[in-house]
Amino acid sequence: AAFAWTDLSDWDFEGAERNFKQAIALNPNLPVARVWYAQFLGAMRRFDEAFVQAERARQLVPLEVAALSHAALPYWQSGNVTEFERRIQEIADLDPGYWFGYHLAALAHLQRGKYEQAIAALQRSILLREANPTGPGSPYGEGRSLQVLLEYYRGHAPHGQFFTREVEYFGAGIAYPF
């Protein structure tokens, strides 16, 4: 599945799909391969296939909020807000303090034009994330770090449904998760 992400960074969509399928063939019970493949299929606007992969991931890890969160994303990509909200509620029922669940809720609120609720959900997400920076879904692992971040990018937008847009940007930042 990791090879598929490498292919995506090279804009090799055929290679990515081939590697996702190979990862699933090698281990049909690997949830991360199913979740990532579902997101890829959603970005390619192949929603019926994405939903099959997302549902299989849900069956494999029905109590893992990080996997369930990512398995919910194809419903957001498809514009099926009602199902997306149902999936978010399922995550909230499992772990009401999971920060990424509030991030997803903000996306749903934005799709419905509920901007104040979206802002509130994002604020709650940030507070929960700051309170538990090494919890589920954390890119920082255990411990503290200082990161100086610089990024320049020119080309197709690297994020899901925006693959077709051309962008150019420079970003800078400092992160101190604690």
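Points to keep in mind about this one:
- Distance between the modelled labels on R45 and D93, one decimal in nanometres: 3.4 nm (7 Å Cα→Cβ projection).
- Each of V52 and E168 was given a label point 7 Å from its Cα along the Cα-to-Cβ line. The distance between the two points is 4.2 nm.
- The simple spin-label model puts a point 7 Å past each Cα toward its Cβ; for L63 and R112 those points are separated by 3.0 nm.
- The packing ranking of peptides 20-33, 48-61, highest mean first, is 48-61, 20-33, where packing means the average number of other beta carbon atoms within 10 angstrom of each residue.
- Full extension of the chain between E14 and I126 gives 36.7 nm of extra length, using 0.36 nm per residue less the Cα-Cα distance.
- FRET efficiency, 1/(1 + (r/R0)^6) with R0 35 Å, evaluated for R86 and L26 via beta carbons: 0.65
No value in this document is a laboratory result; all are computed from the given coordinates. All values derive from a computational prediction rather than experimental measurement. FYI the Cβ positions are ideal-geometry reconstructions off the backbone, even for glycines, and counts take in every protein chain you see.
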